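Participant: Would you mind keeping the following structure in view while I ask a few things?
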Amino acid sequence: MSDLAIRWFIPLELRILSGMSLLSCALLLVVLLFDYLRGDYDSMLIHWLGMLALSVMILTSIDHTEEGRTKRRDMGLITSGITLACGITGLFIRGQEYLLVDLWAALVLLIPGLSGLYLLSSPVVSRWVDSTLERAEAEAGLARNRLLLPKWQAGLKHVVLLHVVAVVMIPVLWIIDVAISPGDALQGGTLFSSPTGEHFSNILGGENFWRWARNSVIVSIGTTILGLCLAIPAGYAFSRYRFKGRGAMMFTFLLVQMFPGIIILVPYFMVMKSLGLLNTAIGLILAYSVTALPLCVWMLKGFFDTVPKELEEAALLDGCSQFGVFYRIILPLSLPAIAVTALFSFLAAWNEFLLALTFNTSDEMFTLPVGLASYISATDAAWGDFAAMSLLVAIPVVLLFIVFQKFLIEGLTAGSVKG
Amino acid sequence: MRRGIPLIVVMALVMILLAIPVVQATAVSKVEASGQSSSYRNINLTWELAGPAVEGDGFHIMFSKSPFANASNATLHSTVFTGPTTALAQPVLGEWYDDCQSSTGDGDWVMVFRGENGSAVVPAGTVAIQCDLTGMPAGEEVFLAIWSFDSHLISDDLSEVVTATSTAVDELPPDADTRPVWFAIGSIALSLVVLLAVLGWKERTAQGRSAMLYVAPALMALALLTFYPVGYGIVLSFTDANQSALGEQSFNGLDNYVEVFGSAGFLRVLGFTLLWTVVNVFAHVGIGLALAMALQGRVKGKVAYRTILLLPWAIPSYITVLIWRGIFQYDGLFNGLLGTQIDILGLPVPAAAAVIVVNIWLGFPFMMMVISGALQTIPGDIYEAAEVDGVSTVSQFRHLTLPMLKPAIVPVALLGFIWTFNMFNVIYLMTDGGPNLWFGEPGSTDILITYVYDVAFRRGLYGVAAAWSVVIFLILLWFSATYMKKTNATGAVV
């Protein structure tokens, strides 16, 4: 028993170190890519050396065997030193003009280097290395591992998550910065230093925004209403009735969802052109409500399935008609579900780009997406006005999405997993 | 002081006398315009000069849709200079948009000469000039005048204003014959009604009959606005339909397909599309899986993390793509942060990397949410059992988590494949298929769908574009079928 505890015990420090080094190695790959892009081959060599040292550190720190612990510990200390040295050199090699990225790259090396030196020289590690651990000590160490390891793991997890958050937030912060900076500066170097409302007053004072917003609102609301009128009865029938061809029809709805939009685009355009529906709101409403229809039908069917059938049967017994049951019982009960479906088709129409670009080519009939994209053309790019307008367009959509995310994701993933 | 005044008067007189021969431009004595020219949107303008033109005289031909008394209210059409004509080219009639001829009074009309920058030059001694002016507003009264000037641009003189109307009016092609479309729509609607009526009539119960009524509108919409266009598209792919002859297409057999498979860029664009799709789907699933695992269980700030990580999905994609385009501009944030000077969107490989990175950024939250949902359905006790048995974390992931997630990931990955294959916005808004865009060929970052858009709406070849669409559809169909067969994902449907 005593042997077991001693044999199984590996100090927490070593586990932490290997995890940290692994993360650093992954981040160093990005650092190396940046060095390559900058053509800074000196830094690249330094970072490559640091990565090599970290890899050695990982290899030496995970092993149960008793032999050569001293050697491996010493190796770990040496590689930590090398890593630290690489981090410091990497910072100094950039001279006076180092940027935020250089600081980050240095930290990627400095943190595991420093913690390597600190952790490997802790008393527990020394005694473990010398194999002079008592049984009680080993057992206490195991308990300590169990307690502290999850915390350290959570810490590393946060580091990873924060990196992802940074990558997600950079474009968002940048667009806010561009929107409130004067002129069309792209670097965003001013960093909120001289805020101005000029772009917002340009957009809100001009005609374009209001005209395109009106078009978008008309199209989206029209799509929502028409789409619901088509989807609610169909979803209800699929949920409640068993009839010939039900399976085939439901499969048809699934199949349509798999159709790539492109195969429809050209003939759609020609049909719309023949019918004179190009550059009208009606053309887009028709197209959108049918595109979103399969998903809406499936979402609604799922919701209707959750309404207990007994309610209907009771109403039928009380002399309510079939339509009455649908109108008086099912509809009011599933109002929240219908609201979510409505929101979904509204957002889908609000955000659609390709069909709007193809069908409505006149400036008068642009929807917001196409209008917004027209600010950034090959010849002329009004980044400041574009940024202000994108914020105006995106903020309500994002808020809606975040508030209703639970329902939207449920409906969407249900539809997509089934489809 | 008094003695100065006569001096000033004399000096002024001398100056005026000296100035007269210099500033006098040859005046225009008579202008005539006629819209009786034979060609489209043409007006013929003839003007005679009061005397022979001297070198340095010039004539601006001004026009406007409303009467004007001042040259600044009119538009300049073209300019004729007087000058030495030796060594100048003399083009033939019809090469220029302002074909002018000049006459020295002997009744012969000579074509004008063209200077290096294309300006019209007539020889000194010219007494009359006539020009065929193209590009005039069609079928409308146009006001024209000659605005003559001299070599020093000191004096100018607007001639009388004449009017003319070009006889040719815009000849729009006749409206396309919409009857076939209406006929097709009508017959599809009718046959569907009949089909549903028959099905409903065969139903025994009232329930079944009303079900038909409930389903009818949605089915009708689907048939008319999805199946009909798809069928129409397949038909189109065998015709020579194009922008200029809508509704008059005729069948041309497999010509379009020959063009698709024979085009220089076919393999290249197909290759990039596959690379684009495969890299994206793997990255989406991989990153989504990693983040879902990271957010599993108790994590501090979980709600905040989830909300932020959802942003790429929540923000409309056309906005984020354009934002990234700004970041990757030459003077954009990317180069600013790294201190580099790379024209990312102007070079083939960096541009391809950039569009892929942006699409990965856009697509991972969806996978993350789907996998998160699936992870929650895995019972926690199997991990406890594994823990007790001493299974390592890596093995737990490989032998427990992955197999349990497979039923959720497999269909969503297929969906992701189809979506990414057809992701129009990212490529179109980031690079428009460029760099290296040549007319009629796919650019460096064109995927199939953006290229089809170019073929259809930039080049106007609807028939060829329809053939491309059919090929894309067949590729996707083949892939989906193989994929479902290999992964046995067909269950769980309906």
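The values are calculated or read from the model by the stated rules, or taken from the named source; none is laboratory data. Just so it is clear, the model here is predicted, and its values are computed rather than measured. Here the Cβ positions follow ideal geometry from the backbone for every residue, glycine too, while neighbour counts run over all protein chains shown.
Participant: On the basis of being without any contact (Cβ under 8 Å) to a residue 24 or more places away in the chain, buried (at least 24 other Cβ atoms within 10 Å of the Cβ), in a helix (DSSP H, G or I) and under 15 Å from the mean Cα position of the chain (by Cα), does B:V426 make the cut? Walk me through how you get there before you give the answer.
Facilitator: Numbers: without any contact (Cβ under 8 Å) to a residue 24 or more places away in the chain: no; buried (at least 24 other Cβ atoms within 10 Å of the Cβ): yes; in a helix (DSSP H, G or I): yes; under 15 Å from the mean Cα position of the chain (by Cα): yes.
Judged against the criteria, B:V426 is not a match.
Participant: Looking at this structure, is A:A348 among the small types (G, A, S), within 25 Å of the chain's Cα centre (by Cα) and in a helix (DSSP H, G or I)?
Facilitator: Criteria met by A:A348.
Participant: If you check B:I342, B:I371, which single one turns out to be in contact with a helix residue (DSSP H, G or I) (Cβ under 8 Å, 6 or more places away or on another chain), within 12 Å of chain A (Cβ to nearest Cβ), surrounded by fewer than 18 Cβ atoms within 10 Å (Cβ to Cβ) and modelled with pLDDT of 85 or more?
Facilitator: Of B:I342, B:I371, the one residue that is in contact with a helix residue (DSSP H, G or I) (Cβ under 8 Å, 6 or more places away or on another chain), within 12 Å of chain A (Cβ to nearest Cβ), surrounded by fewer than 18 Cβ atoms within 10 Å (Cβ to Cβ) and modelled with pLDDT of 85 or more is B:I342.
Participant: I need every pair where a residue in the stretch B:204-224 that is more than 7 Å from chain A (Cβ to nearest Cβ) has its Cβ under 6 Å from the Cβ of a residue that is not in a helix (DSSP H, G or I), sequence separation at least 6 or different chains.
Facilitator: If the second residue must be not in a helix (DSSP H, G or I), the pairs left are B:R209/B:E203.
Participant: Now for a different question. Is there a residue being aliphatic (A, V, I, L, M), farther than 25 Å from A:E352 by Cα, within 9 Å of chain A (Cβ to nearest Cβ) and in contact (Cβ under 8 Å) with a residue 40 or more places away in the chain anywhere in the stretch B:390-412?
Facilitator: No, the stretch B:390-412 contains no residue that is aliphatic (A, V, I, L, M), farther than 25 Å from A:E352 by Cα, within 9 Å of chain A (Cβ to nearest Cβ) and in contact (Cβ under 8 Å) with a residue 40 or more places away in the chain.
Participant: Also, I was wondering about something else. Among the residues of the stretch B:436-454, is any of a type outside the set (D, E), surrounded by 19 or more Cβ atoms within 10 Å (Cβ to Cβ), at pLDDT 85 or above and over 20 Å from the mean Cα position of the chain (by Cα)?
Facilitator: The answer is no; no qualifying residue exists.
Participant: So, one more: Can you name the residue in the stretch B:301-327 that is basic (K, R) and more than 7 Å from every other protein chain (Cβ to nearest Cβ) and, of all such residues, is farthest from B:Y428 (Cα to Cα)? Spell out how you get there, then give the answer.
Facilitator: Here is the first cut: in the stretch B:301-327, the residues basic (K, R) are B:302, B:306, B:325.
After this cut, where a residue has to be more than 7 Å from every other protein chain (Cβ to nearest Cβ) as well, the list is B:302, B:306.
Working: B:K302: 35, B:R306: 29 Å.
Here the answer is B:K302.
Participant: Something else about it: In the stretch B:459-493, what residues are modelled with pLDDT under 85, surrounded by 15 or more Cβ atoms within 10 Å (Cβ to Cβ) and farther than 22 Å from B:G231 by Cα?
Facilitator: Result: B:M484, B:T487, B:A489.
Participant: Before we move on, is A:F269 in a helix (DSSP H, G or I) and more than 28 Å from the chain's Cα centre (by Cα)?
Facilitator: When the stated conditions are applied, A:F269 passes them.
Participant: Among the listed residues B:A290, B:A352, identify the single one that is over 23 Å from A:G371 (Cβ atoms), assigned to a helix (DSSP H, G or I) and more than 9 Å from every other protein chain (Cβ to nearest Cβ).
Facilitator: B:A352
Participant: For the subset of the stretch B:244-261 comprising residues that are within 14 Å of chain A (Cβ to nearest Cβ) and aliphatic (A, V, I, L, M), which member is surrounded by the most Cβ atoms within 10 Å (Cβ to Cβ)?
Facilitator: Per the criteria, the residue is B:V260.
Participant: If you don't mind, there's one more thing I want to ask. Which residue, of A:T280, A:T341, is crowded, with 22+ Cβ neighbours inside 10 Å and closer than 19 Å to A:L226 by Cβ?
Facilitator: From the options A:T280, A:T341, the qualifying one is A:T341.
Participant: Where the second residue is among the acidic types (D, E) and part of a loop (DSSP other than H, G, I, E, B) and the first is closer than 17 Å to B:V357 by Cβ and lies in the stretch B:283-312, which pairs have Cβ atoms under 8 Å and are six or more apart or on separate chains?
Facilitator: Going by the 8 Å Cβ cut-off, there are no qualifying pairs.
Participant: Same structure, new question: For A:W174, state whether it is within 19 Å of A:I376 (Cβ to Cβ), assigned to a helix (DSSP H, G or I) and within 11 Å of another protein chain (Cβ to nearest Cβ).
Facilitator: In short, yes.
Participant: So, B:A466, is that one closer than 21 Å to B:S244 by Cα, touching a residue at least 12 places away in the same chain (Cβ under 8 Å) and within 9 Å of chain A (Cβ to nearest Cβ) or not?
Facilitator: yes
Participant: Can you name every residue in the stretch B:36-65 that is under 43 Å from the mean Cα position of the chain (by Cα) and at pLDDT 80 or above?
Facilitator: Within the stretch B:36-65, B:I43, B:N44, B:L45, B:T46, B:G58, B:F59, B:H60, B:I61, B:M62, B:F63, B:S64, B:K65 qualify.
Participant: Listed residues B:A218, B:A264, B:A241, B:A223; which is surrounded by 18 or more Cβ atoms within 10 Å (Cβ to Cβ) and not in a helix (DSSP H, G or I)?
Facilitator: Step by step, each of B:A218, B:A264, B:A241, B:A223 is checked, and only B:A241 is surrounded by 18 or more Cβ atoms within 10 Å (Cβ to Cβ) and not in a helix (DSSP H, G or I).
Participant: Right, here's the next one. Please specify each residue of the stretch A:255-276 satisfying the condition of being within 7 Å of chain B (Cβ to nearest Cβ), of a type outside the set (S, T, Y) and more than 16 Å from B:A467 (Cα to Cα).
Facilitator: If the condition is that a residue be within 7 Å of chain B (Cβ to nearest Cβ), of a type outside the set (S, T, Y) and more than 16 Å from B:A467 (Cα to Cα), then A:V256, A:M258, A:V271, A:K273, A:L275 are the ones that fit.
Participant: Anything in the stretch A:225-248 that is surrounded by fewer than 20 Cβ atoms within 10 Å (Cβ to Cβ), within 8 Å of another protein chain (Cβ to nearest Cβ) and among the aliphatic types (A, V, I, L, M)? List them, or say none.
Facilitator: Listed by number, the list is empty, since nothing qualifies.
Participant: Being within 11 Å of another protein chain (Cβ to nearest Cβ) and buried (at least 16 other Cβ atoms within 10 Å of the Cβ) is the filter here, so list the residues in the stretch A:136-153 that pass it.
Facilitator: Matches in the stretch A:136-153: none.
Participant: Return the pairs, sorted by first residue and then second, in which the second residue is among the hydrophobic types (A, V, I, L, M, F, W, C) and assigned to a helix (DSSP H, G or I), the first residue lies in the stretch A:143-155 and is in contact (Cβ under 8 Å) with a residue 24 or more places away in the chain, the beta carbons are less than 7 Å apart, and the residues are 6+ apart or on different chains.
Facilitator: A:R144/A:L12; A:N145/A:L12; A:L148/A:L12; A:L149/A:L12; A:W152/A:I16
Participant: Quick check on B:L429: is it within 11 Å of chain A (Cβ to nearest Cβ), among the aliphatic types (A, V, I, L, M) and under 20 Å from A:A356 (Cβ atoms)?
Facilitator: Answer is yes for this residue.
Participant: Looking only at the stretch A:250-277, filter to residues that are of a type in the set (V, I, T) and closer than 24 Å to B:Y214 by Cβ; which one of those is surrounded by the fewest Cβ atoms within 10 Å (Cβ to Cβ)? It would help to see each step written out before you state the result.
Facilitator: Narrowing the stretch A:250-277 to residues of a type in the set (V, I, T): A:252, A:256, A:262-264, A:266, A:271.
Remaining after also requiring closer than 24 Å to B:Y214 by Cβ: A:252, A:256.
Details: A:T252: 16, A:V256: 20.
The selected residue is A:T252.
Participant: Then there's this: Which helices (runs of 4 or more DSSP H) does the stretch A:1-85 wholly contain that include 3 or more residues that are more than 34 Å from the chain's Cα centre (by Cα) and loosely packed, with under 14 Cβ neighbours inside 10 Å?
Facilitator: A:2-8
Participant: Name every residue in the stretch A:2-44 that is without any contact (Cβ under 8 Å) to a residue 40 or more places away in the chain and farther than 25 Å from B:A354 by Cα, in order of residue number.
Facilitator: The answer is A:D3, A:L4, A:L22.
Participant: Now for a separate question. Any residue in the stretch A:289-309 that's on the phi < 0 side of the Ramachandran plot: show its pairings with residues that are of a type in the set (F, W, Y) at Cβ separation under 6 Å, as long as the two are six or more apart or on different chains.
Facilitator: What qualifies is A:P294/A:F253; A:V297/A:F253; A:K301/A:F238; A:F304/A:Y236.
Participant: In this structure, is B:A184 modelled with pLDDT of 75 or more, small (G, A, S), within 36 Å of the chain's Cα centre (by Cα) and buried (at least 18 other Cβ atoms within 10 Å of the Cβ)?
Facilitator: The answer is no for B:A184.
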